[in-house]
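Here is the structure we will look at, set down as structure tokens.
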Amino acid sequence: MEISYSEGPPQDLNSLLALYENAGWKAYTRAPDQLRLAVQQSQFALKALADNQLVGLIRVVGDGVTIVYIQDILVHTDFQRRGIGKALMEQTLDQFKHCRQKVLLTDDNPMTRGFYEALGFASCDQGSLVAFVRMGK
């Protein structure tokens, strides 16, 4: 099955919700209208499609000049380990190669750590930076 990539947020809320539900990201799926608005207002979004089905998404927020924040990157579990996440990330990093800082916050597990480190990201606990987060309800 061929995967195609397309810039812009997904227009179909049901397919967007299905992708986030598949990832288990319930904080997003509990508020569908908020999710739709957040994705639509992202600075950049790139979709991965298989037969017009949404199977992956990356979205970026930030100023697009000095910093971008990779807010979400998801690949449907049925399509993982096929290079889709890597392609989404590489195309996004290329889009913002002029930005000095590319930042993301994610869960810490060996697979996730390995994925990002293979793409040139350094964990703040491995270097001279510190990361802070304050989560809302």
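Any idea how far apart Glu21 and Gln91 come out in nm if each label point goes 7 Å out from Cα toward Cβ?
With each label point 7 Å from Cα toward Cβ, the separation is 2.5 nm.
Count of lysine pairs in the chain with Cα atoms under 28 Å apart, counting only pairs 8 or more residues apart in sequence or on different chains?
10
Using a cut-off of 14 Å between beta-carbons, work out the net charge of the residues near Gly114 (Lys and Arg +1, Asp and Glu -1, Gly114 not included). Walk me through the numbers before you get to the answer.
Working: positive: Arg81, Lys86, Arg113; negative: Asp107, Asp108, Glu117.
My count for the surroundings of Gly114 gives 0.
Give the relative contact order (percent, whole number) for region 1-106; include only Cα pairs under 8 Å separated by 6+ residues. Provide the component values of the computation, followed by the final result.
On the way: 176 pairs, mean separation 27.2, N = 106.
Averaging sequence separation for qualifying contacts and normalising by length gives 26 percent for region 1-106.
Binning at 10 Å from 0, report for region 1-73 what percent of all alpha-carbon pair distances ends up in each bin.
The calculated distribution, bin by bin, is 20, 53, 24, 3.
Based on DSSP, what percent of beta bridges with both residues in region 1-102 are antiparallel, to the nearest 5? Walk me through the numbers before you get to the answer.
Details: 19 of 21 bridges.
Rounded to the nearest five, the antiparallel share is 90 percent.
Enumerate the calculated ³J(HN,Hα) couplings along region 5-18 in order (Karplus 6.51 cos²θ - 1.76 cosθ + 1.60, θ = phi - 60°), each rounded to whole Hz, writing x wherever the residue is Gly or Pro.
Computed from phi, the couplings for region 5-18 are 10, 9, 6, x, x, x, 8, 8, 4, 5, 5, 5, 4, 4 Hz.
Kindly provide the Kirkwood hydrodynamic radius of region 29-137 in Å, to one decimal, from all pairs of distinct alpha carbon atoms.
On the way: mean 1/r = 0.0659 Å⁻¹.
It is 15.2 Å.
Of the peptides 125-131, 110-116, how do they stack up when ordered by the mean number of other Cβ atoms within 10 Å, highest first?
Details: 125-131: 8.4, 110-116: 12.6.
Highest-to-lowest ranking by the protection proxy: 110-116, 125-131.
Using the Cβ atoms and a cut-off under 14 Å, what net charge is assigned to the surroundings of Val60, where Lys and Arg are +1 and Asp and Glu are -1?
That works out to -1.
Readers should treat all values here as calculations from the given coordinates under stated rules, not as data from a laboratory. The shown structure was predicted, so the numbers you read here are calculated from the model rather than taken from an experiment. Heads up, the Cβs are rebuilt from the backbone with ideal geometry, glycines too, and the neighbour counts pull from every protein chain shown.
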